Structure formats: structure tokens, C-alpha cells
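Worksheet for the structure shown next.
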Amino acid sequence: MSLQATTYLFVGLSFALYIGIAIWARAGSTKEFYAAGGNVHPVLNGMATGADWMSAASFISMAGLIAAMGYGGALFLMGWTGGYVLLAMLLAPYLRKFGKFTVPQFFGTRYYSKGASTVGVFCLLAASLTYIIGQMTGVGVAFSRFLGVSNSTGIFIGMGIVFMYAVFGGMKGITYTQVAQYCVLILAYTVPAIFISLHLTGNPLPQLGLGSDMAGTSVSLLHKLDLISQDLGFAQYTTSTRLSTLNMFVYTVSLMIGTAGLPHVIMRFFTVPTVKDARSSAGWALVFIAILYTTAPAVAAMAKMNLLTTVNPQIMTDSNVFAPDAQIKYDERPDWMKRWEVTGLLKFNDKNGDGRIQYYNSKSKDADFKAKAAAAGWKGNELSVNRDIMVLANPEIALLPNWVIALVAAGGLAAALSTAAGLLLAISSAISHDLLKEKFMPDLTEKGELMAGKISMAIAIMVAGYLGLNPPGFAAGTVAIAFGLAASSIFPALMMGIFSKTMNKQGAIAGMLAGIGVTMFYVFAHKGIFFIKGTAFVDSVGGPNFFLGIEPNAFGAIGAVVNFAVAFAVKNMTEPVPAEIAQMVEDVRIPKGSKAVDGAH
Amino acid sequence: MQHDSEGYWKATLGLIRNVLIVWFVVSYGFGILLAPALNNIHIGGYPLGFWFAQQGSMYIFVALIFIYAKLMGNIDKKFDVHED
């Protein structure tokens with residue numbers, strides 16, 4: 001069977017499975033509209049959370065970014081897992097005891113005002129919409145390759161499918177669908193990794209393979225990769241930090257507290273049966289997430305190794321990369337390159353007209369390397385590989401069988417769809433319920449609320465699709481901005497709501513606005529106002545990364561500090577919190593007496 | 001019955017503090033700040049700092065959550081505030 005047919009078959013089968021499960025689970029669960037996780041086994045709930053959490057950014061984009069960044073890519077790995085420790089200890093058990101369904105509801109009650117809940121909705125929308133842009137970027141990559149169309153056509157098709165999926169899927173039965181999606185995506189991620197690890201190092205476990213010697217030699221894979229990277233002018237793989245140690249530190253903080261502040265993740269812990277379960281369910285979720293996240297660095301390093309050895313076939317034995325016949329001829333390039341060229345995400349430009357592919361770091365600062373490159377007649381890097389294609393192309397680069405490549409396509413789509421659907425639900429409930437029904441139109445009927453929810457979903461997809469065509473960065477980078485927005489607004493307000501008995505509404509509202517405001521200012525200065533191209537104004541306020549050399553994706557941590565500082569300053573200047581609210585905080589801290597979450601959504 | 005809610009909260013914060021110390025040391029400490037120094041030590045083919053950043057910290061995070069959940073359960077029982 002041809003690759004195209006196998007891919008259609010795998011993707012078709014996986015879609016049929018999700019739809020089948022959605023129909024099966026829907027029938028018996030109409031009464032449990034919101035408490036989907038209520039009587040689901042904690043382990044299954046952990047898998048569903050894993051699928052909800054691991055998006056196109058984790059599946060498609062992250063390993064490619066790690067491959068490009070080397071050691072510095074660890075900020076994604078630690079940032080997107082370490083937040084679960086914070087979530088399990090600082091938020092989940094107390095939010096569960098609190099007994100509300102959404103983050104704006106928590107703000108509205110704890111900070112005794114509709115103003116606080118409206119600000120919460122605004123922060124939630126900012127973070128979730130940015131997150132969806134990142135998903136659409138990833139969906140575009142997956143669909144363009146899978147259907148053999150251009151990237152923008154891929155995004156349009158993806159928009160349509162995500163919309164249908166979110167509207168028909170709804171909240172009902174979504175947990176079981178996500179369990180299936182987890183199984184598909186984790187198989188799709190680990191199977192090729194096992195093949196490649198076995199091939200390169202002889203060790204089937206990618207986590208161990210990454211620390212093993214290259215098959216048949218006594219040189220470790222990471223050491224060899226360091227050498228090869230340097231031969232081609234790239235930074236040493238195992239030590240290259242992201243911009244600076246400070247930037248990497250702040251970036252990791254931003255992703256960690258953003259994880260603990262993202263509404264669609266927090267929502268899952270509102271609906272577990274008990275406070276006790278809320279603590280351990282975060283642990284189960286992290287187990288299933290860690291399976292992918294500990295595989296990713298191996299995928300990254302091995303993909304980079306395979307790409308470099310594909311372009312420079314003799315590099316393993318001969319470090320003279322400048323020899324005239326060291327690179328492959330463009331006419332003899334492997335089939336996977338041809339397939340990816342169709343999508344426009346892989347491009348070759350024969351700058352020196354020798355018909356061979358020179359792939360190297362033309363921005364290297366090493367004068368010796370530059371002199372040698374010039375002497376060899378190299379006129380600049382000729383191959384541009386979009387980082388987002390690394391994972392999807394990885395099995396093709398390693399020449400794995402067609403069914404593995406097809407499986408990866410199905411996995412990438414599962415990751416993107418499950419997260420996009422979860423986010424769209426968070427957005428539509430925030431607009432239709434927390435904003436419209438609670439604030440502007442109290443007599444909205446249930447039917448009207450549902451309609452408003454669907455319309456807001458449609459608008460959200462169109463905005464995300466438009467911005468996905470002109471993305472502010474790679475999928476994982478864009479998603480990092482969403483985490484920054486959540487980190488700077490929602491996380492501090494939740495923390496203070498639980499751990500400070502004296503935080504009042506003025507302090508919380510001022511803190512959220514200041515935190516998200518300063519973060520948005522920094523991000524928009526670099527990436528354009530509302531990510532619209534050409535409106536960036538960073539040069540008029542001090543140049544790129546003007547605050548201590550910190551990049552905009554990492555700024556959420558600084559925004560969070562501003563949030564805390566402003567909140568406590570304003571609190572001390574305004575009237576104290578009412579006595580009954582202080583008592584409520586006291587109650588929330590003790591597990592005893594937790595009730596099932598009331599259905600007053 | 002009146003619980004010793006002050007003592008309970010103090011015990012809770014103590015546990016959270018201890019877990020956060022380990023959490024910080026393995027990720028920000030070993031994985032970022034001390035990584036260049038630790039990279040002189042190798043386990044298998046891994047430089048140690050690189051291993052903490054891209055592998056080790058994640059395993060420890062998972063363990064930390066389950067340890068926290070277990071110890072927190074003990075504190076709940078000790079102060080008699082656990083759910084039925």
C-alpha cells in the first residue's frame with residue numbers, strides 16, 4: 001500500500017474510533033454534563049488530562065525546538081512538567097474544596113465581586129486564544145503534509161474540522177474520547193522513537209538510548225552530536241543555553257506557573273470526586289505526560305543526528321565537512337524531502353550553484369569556521385527546515401516503514417484536536433456563561449446560552465485561524481506566550497485567594513490587570529499589537545529583549561512578580577476583606593466537609 | 001468538634017515548603033544554575049547537568065507529587081480533618 005493510502009487509513013480509523021467513543025459515552029452521561037471526571041477512574045482521568053494537556057505544541061513542535069536549541073530546550077521539558085507539582089500542592093486540592101466549576105466563578109466568589117470575575121474572563125480569553133493560535137499553527141503543519149497541500153490550505157481544513165469536532169463533541173463523553181486520543185498519540189510518539197533509538201544505539205528505550213553509545217562504536221551519541229554540530233558551525237548540543245542563564249531560568253518559571261494557571265487544565269481538577277483525589281490525580285496526569293516528555297529529548301537529538309547525516313553522508317567517519325563531495329546532491333535527495341517541499345515548510349536554495357545541499361550555521365561567530373566555509377565555496381545555508389516538521393518528518397528521515405509514518409500523522413492530529421476542543425469549550429463557557437449570563441443578560445435562556453457558546457467558538461476559531469496563517473512564532477513558542485499570559489494573571493490571583501486571608505478584591509483586580517498588562521505590553525512590543533504584523537514597536541522602547549535580555553515568551557514570570565507586588569500594595573491602601581470571606585478561606589484549607597460540586601454553572 | 005486548624009495549616013505549609021525545596025534544587029539548581037559544573041560528571045553518555053535538565057527533574061517531579069499526596073493524607077488523619 002502506498003504511503004498516502006496508509007496515512008488515510010490510519011487517520012480515518014483513529015477518527016472513527018473517537019466518533020464511536022463519543023457516541024457510546026454520550027448516551028449514558030447526559031446527567032453528568034459537568035462532572036465527567038466524577039466517576040472516572042483516577043488513572044483514566046490522568047490519561048484524559050494528559051491528552052487535553054499535550055497539544056500540537058508538545059507533540060509536533062517541542063522536539064523540533066529542542067533539536068534546534070539543544071540543552072536550552074530543557075526549559076520546555078521542565079517548564080511544562082514542573083507546573084504540575086505546583087498545581088497538585090498549591091491549587092488543585094483547595095479549588096476542589098471550594099466547589100466551583102470555572103476560574104471566573106472562583107474569582108467572583110472569593111473576591112466577592114462581578115468585577116473580579118469579569119477581569120478573570122478577560123485574562124482567560126487572552127491566554128486561551130493565544131494558545132489556540134499555537135494549535136492552529138501545528139494543525140496547519142499536520143494537515144498540509146497529510147493531504148499534500150500548502151500550509152495555508154492545511155490551516156483552513158484544520159479550522160473546519162476543529163470546529164465540527166468541538167461543536168458536536170461538547171463536554172459529554174469527552175473524557176473517554178481523550179483516553180483514546182492519549183493512547184493514539186503516545187503510541188505515535190514512542191513507536192518511531194523506539195525504532196530510531198534501536199537503530200542508532202541498539203537500546204530500545206529512547207530515554208536510555210539518548211545516554212548510550214552509537215551502535216558499534218564506543219562514542220556516546222550526545223558526544224558525537226556535539227562534535228558534528230560544531231563541525232557545521234552550530235553550538236555544542238549539550239551545553240547551549242537559551243540566550244542566557246537568567247533568560248532560561250525566567251522562561252522556565254513562566255511556563256511552570258503558567259501551567260498551574262491555565263483554565264482548561266485547572267478545570268479538570270474541579271471535578272474529581274474528593275480533595276484526596278485532586279492531589280494524586282495531578283500525579284497520574286504527570287506520569288502520562290512524562291512518558292512523552294522524557295522521550296522528546298531523545299527524539300530531538302536523534303532527529304538532528306539523522307538530518308545532519310542525511311545531508312552529510314560521510315560525517316560519521318570523516319569530520320572534514322568541507323570536502324567537495326561531502327554533501328548530498330540535490331537531485332539525489334531522499335523522497336521525504338520532496339514530500340515536505342510541497343508544503344513549503346522545507347526549502348532548498350542553491351546559493352552557490354553547485355547542485356549540492358550545504359546545511360550549516362551561516363551565522364556562526366567562529367572566524368576559523370567562516371574562513372573554511374568561504375574557502376570551500378559555501379555561500380550561505382541552503383536548506384531551511386521549519387522546526388515544526390521535525391517530529392512528523394522524523395520517521396521518514398529514519399526510513400521507517402509506511403505504517404509508522406501514518407501512525408505519527410494520526411497522533412499529531414489527535415494531539416491538536418483534543419487540546420483545541422478543550423480550549424474552545426473553555427472559551428465558549430467563559431463568554432456564554434461567565435460573561436453574558438452572569439453580567440450582561442441575566443435572563444438568557446439555556447438554549448440562548450448554548451447558541452452564544454457556539455457562536456463564540458466559531459469566532460474564536462476564525463481569529464485563531466487568521467493569526468495561525470501569520471503566526472507570531474513556531475507552535476511551541478506561541479503557546480509559551482499563552483502560558484506567560486496565564487502566569488502573569490490567573491496563577492497569582494488563585495494563589496493569593498487561597499494562601500492570603502487578607503487579600504481583597506481591589507488588590508486582586510489591580511494585580512491581575514497590572515500583571516497581564518505589563519506582559520501584553522512586552523509581548524506586543526516584540527510581536528505586534530494583537531500579533532498583527534507590522535505593528536511591533538519594540539525599537540521605539542529600547543530594542544529587542546530590552547528588559548534584562550529576557551525574551552517576550554519568558555516574560556510571564558516578570559508579569560507575575562508585578563501582579564503580586566501591585567496586589568499587596570493596593571490591598572494595604574484599601575478597606576480590608578469582609579469577615580465572612582476570611583472565614584471562607586479558612587474552610588477551604590481543610591478537606592473535611594467537601595461536597596460534590598454543585599451544578600449551579 | 002473544633003479542629004486544631006492552625007496546627008494543621010502549619011503542618012501543611014511545612015510539607016509544601018519541603019517539597020518545593022527539592023523541586024527547586026533539582027530543576028533550577030541542578031538543571032540550570034549548577035548544570036555547567038555538573039556536566040563534568042557523566043552517567044552513561046549523559047553529562048549530569050544535561051541529564052537533570054532533560055530527564056531527571058521530570059522523574060523527580062512525578063515522585064514528588066505522589067510523596068506529597070501520601071504525606072498530606074497522613075497530616076489529614078493526624079489532625080482528623082480527612083474526608084469520610
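The values are calculated or read from the model by the stated rules, or taken from the named source; none is laboratory data. Since the model is a prediction, treat every value here as computed from it, not as a measurement. Reconstructed Cβ throughout: ideal geometry from the backbone, glycine too, with neighbour counts over all protein chains shown. The area values use the complete protein model at the heavy-atom level, side chains included, leaving out ligands, DNA and RNA. Shrake-Rupley method; radii C 1.70, N 1.55, O 1.52, S 1.80 Å.
Table for the structure above
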read-out: Close pairs from segment A:208-229: first modelled with pLDDT under 90, partner part of a strand (DSSP E or B), Cβ under 7 Å, at least 6 apart; value: A:Val219/A:Asp213
read-out: Selection from segment B:43-65 of residues that are out of contact with any Leu (no Cβ under 8 Å at 6 or more places or on another chain) and assigned to a strand (DSSP E or B); value: B:Ile43
read-out: Residue in segment A:194-205 that is within 11 Å of chain B (Cβ to nearest Cβ), surrounded by fewer than 21 Cβ atoms within 10 Å (Cβ to Cβ) and within 30 Å of B:Phe24 (Cβ to Cβ) present; value: no
read-out: Selection from segment A:250-297 of residues that are polar (S, T, N, Q), closer than 14 Å to A:Trp80 by Cβ and at the interface with chain B (Cβ under 8 Å from one of its Cβ atoms); value: A:Thr252, A:Thr294
read-out: Scope segment A:226-243; condition of a type outside the set (Asp, Glu) and either open to solvent by 40 Å² or more (accessible area, probe 1.4 Å) or at the interface with chain B (Cβ under 10 Å from one of its Cβ atoms) (or both); matching residues; value: A:Leu227, A:Gln230, A:Phe234, A:Ala235, A:Gln236, A:Tyr237, A:Thr238, A:Thr239, A:Thr241, A:Arg242, A:Leu243
read-out: Residue tally, condition closer than 19 Å to A:Ile66 by Cα and either modelled with pLDDT of 80 or more or open to solvent by 10 Å² or more (accessible area, probe 1.4 Å) (or both), over segment A:446-476; value: 3
read-out: Complete set of residues in segment A:78-93 that are over 20 Å from the mean Cα position of the chain (by Cα) and open to solvent by less than 10 Å² (accessible area, probe 1.4 Å); value: A:Met89, A:Leu91, A:Ala92, A:Pro93
read-out: Where a residue in segment A:131-158 is in contact (Cβ under 8 Å) with a residue 12 or more places away in the chain and hydroxyl-bearing (Ser, Thr, Tyr) and its partner, wherever it lies, is surrounded by fewer than 18 Cβ atoms within 10 Å (Cβ to Cβ) and not in a helix (DSSP H, G or I), with Cβ under 7 Å and at least six apart; value: A:Ser144/A:Ser150; A:Ser150/A:Gly344
read-out: Qualifying residue in segment A:265-277 (condition: modelled with pLDDT of 90 or more, aliphatic (A, V, I, L, M), under 29 Å from A:Gln105 (Cα atoms) and surrounded by 24 or more Cβ atoms within 10 Å (Cβ to Cβ)); value: no
read-out: Unmet requirement for B:Phe24, which otherwise passes all of (1) open to solvent by less than 70 Å² (accessible area, probe 1.4 Å); (2) closer than 19 Å to A:Gly283 by Cα; value: (1)
read-out: Conditions (1) within 14 Å of chain B (Cβ to nearest Cβ); (2) open to solvent by less than 30 Å² (accessible area, probe 1.4 Å); number of the one not met by A:Met512; value: (1)
read-out: A:Thr317 vs. criteria of a type in the set (Ser, Thr, Tyr), open to solvent by 10 Å² or more (accessible area, probe 1.4 Å) and farther than 24 Å from A:Lys379 by Cα; value: yes
read-out: A:Thr294, sole failed condition from (1) closer than 30 Å to A:Gly556 by Cβ; (2) buried (at least 23 other Cβ atoms within 10 Å of the Cβ); value: (2)
read-out: Number of the exception - A:Arg356 against (1) out of contact with any strand residue (DSSP E or B) (no Cβ under 8 Å at 6 or more places or on another chain); (2) more than 22 Å from A:Ile66 (Cβ to Cβ); value: (1)
read-out: Single unsatisfied condition, B:Asn40 versus (1) assigned to a helix (DSSP H, G or I); (2) more than 8 Å from chain A (Cβ to nearest Cβ); (3) of a type outside the set (A, V, I, L, M, F, W, C); value: (1)
read-out: Residues (more than 7 Å from chain A (Cβ to nearest Cβ), assigned to a loop (DSSP other than H, G, I, E, B) and open to solvent by less than 70 Å² (accessible area, probe 1.4 Å)) located in segment B:66-84; value: B:Phe79, B:Asp80
read-out: Tally, over segment B:43-65, of residues that are open to solvent by 30 Å² or more (accessible area, probe 1.4 Å), under 11 Å from A:Val85 (Cβ atoms) and either modelled with pLDDT under 95 or at the interface with another protein chain (Cβ under 7 Å from one of its Cβ atoms) (or both); value: 0
read-out: Looking only at segment A:332-381, and only at residues there that are among the small types (Gly, Ala, Ser) and not in a helix (DSSP H, G or I), the one that is surrounded by the fewest Cβ atoms within 10 Å (Cβ to Cβ); value: A:Gly353
read-out: Hits in segment B:7-21 (condition: over 15 Å from the mean Cα position of the chain (by Cα), free of Cβ contacts under 8 Å to residues at least 40 places away in the same chain and either within 10 Å of another protein chain (Cβ to nearest Cβ) or open to solvent by less than 60 Å² (accessible area, probe 1.4 Å) (or both)); value: B:Trp9
